[in-house]
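Everything on this sheet refers to the single structure shown next.
The values are calculated or read from the model by the stated rules, or taken from the named source; none is laboratory data. Since the model is a prediction, treat every value here as computed from it, not as a measurement. Reconstructed Cβ throughout: ideal geometry from the backbone, glycine too, with neighbour counts over all protein chains shown.
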Amino acid sequence: MQREDNYQRMMIIIDEVFATGKDKNQIQVTKKDMQKLTKIHPNCLSEIANENGPIIWVLMIPTTQKIMEDFLEKKISEKQILENTMPGENYSCIYLCSASTLPEFAGKGLTKKLCLEAIEKMRKSYAIENLFVWPFTSAGKELAKKISSETSLNLFFLK
C-alpha cells in the first residue's frame, strides 16, 4: 500500500459523509483555508498517520461566542465561521468541524484522544467554555458528547 492510498480513502469518506463538494456553504479546506487555520491556532488541523498516510483527520476552529451563536441560529454558514473568525481574537468557543477516521481505526478511542489533545492545547491560549458541532452522523454526535463530558465544555448542536 502506498502513502496515497490512505489519503484517497480519507477523501472518499469525507465526500460520502459531508458531501463538501456539493455544498459550497461548508468549509472546503483549501490551501488558503489551511493557512488561515494555522494562523488562528496551530492545532486547528490535527492528524494521526501511519506509513500509508492519514488514518484520522480532525478540524476544529476556536472562535467567538457571537460567531457560535450566529451559526447555531443559522444566521451564518459553516464557511462563514472560518471567514468571520480572525486570527488573534479572544476565543471562547470551539467548533468541532469534522473528525474523519478510516473504518479499521474507528472505535479505538484514537479520534477522541486527538480531539482532546487539540482542545487542551487551545485552552492553553484561550479561555474556552463552549463546544459546538453540526453532527452528520450518530458517531459524530456521540464523539462530541464524550469530548464535552471529558473537557467540561458546554455542548451545543446545530439543529
Tabulated pairs, the range 18-42, first without any contact (Cβ under 8 Å) to a residue 12 or more places away in the chain and over 14 Å from residue 60 (Cβ atoms), second of a type in the set (Phe, Trp, Tyr) and assigned to a loop (DSSP other than H, G, I, E, B), C-beta under 9 angstrom, 6+ apart or interchain:
19/136
Please enumerate the residues belonging to the range 22-52 that are assigned to a helix (DSSP H, G or I), among the charged types (D, E, K, R) and at pLDDT 90 or above.
31, 32, 33, 36, 39
Residue 95: passes all of (1) surrounded by 15 or more Cβ atoms within 10 Å (Cβ to Cβ); (2) among the hydroxyl-bearing types (Ser, Thr, Tyr); (3) more than 17 Å from residue 144 (Cα to Cα) but (3)
Give the number of residues within the range 23-78 that are over 14 Å from residue 156 (Cα atoms) and of a type in the set (Phe, Trp, Tyr).
1
Can we say residue 87 is surrounded by fewer than 15 Cβ atoms within 10 Å (Cβ to Cβ) and more than 23 Å from residue 10 (Cβ to Cβ)?
yes
Looking across the range 110-159 at residues that are part of a loop (DSSP other than H, G, I, E, B) and more than 16 Å from the chain's Cα centre (by Cα), the single one that is farthest from residue 81 (Cα to Cα) is 152
